[in-house]
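Here is the structure we will look at, set down as structure tokens.
The values are calculated or read from the model by the stated rules, or taken from the named source; none is laboratory data. The shown structure was predicted, so the numbers you read here are calculated from the model rather than taken from an experiment. Remember, those area values only see protein heavy atoms, side chains included, never the ligands or the DNA or RNA. Shrake-Rupley method; radii C 1.70, N 1.55, O 1.52, S 1.80 Å.
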Amino acid sequence: MGDEQHETFSIASRLDHLFRCVRPPGQGEYSYSAAAEAIRAQQGVSISHTYIWQLRTGRRDNPTIQHLTALAKFFGVPVSYFLNAEAAQQIDTELELLAALREADVTEIALRAADLSPDSRESMTAMIRKIWELEHQKKATDE
């Protein structure tokens, strides 16, 4: 593995990506203190906000498996995210999709659609497709 590839999949870069992509609903990034406190409260793992900052910035790069596991659990990813480049790429794709859905304000539609019957979901998909077509036809005629 070359240095460039190693840097791309460093623990620091993976943790930085999680902080940037996984956020509390309607808020900015988690603070280091909020992450450390949540890990202590929810998992009983002692970790300091300074240590999390050191890991994110690359000042520390050899965390225990307990700390990696706790961070992974906090952000909702498997611990393999920090250890395996292929797993990280797949999870990053999923995180980017979730971020796009959140930014596009379609999360509520997706969540409600998940509880519908297959026939209702198919009808909803057809309606959304038709609305999209109508809007794009209107845009084409407006130009």
Discussion item. Being more than 30 Å from Val106 (Cα to Cα) and modelled with pLDDT of 85 or more is the filter here; which residues of the range 1-26 pass it?
Written reply: Ser10, Ile11, Ala12
Discussion item. Yes or no: the range 76-87 includes at least one residue that is closer than 26 Å to Leu111 by Cα and within 11 Å of the chain's Cα centre (by Cα).
Written reply: yes
Worksheet item: When the residues of the range 115-124 are filtered to those that are assigned to a helix (DSSP H, G or I) and open to solvent by 70 Å² or more (accessible area, probe 1.4 Å), which remaining residue is modelled with the lowest pLDDT?
Response: Arg121
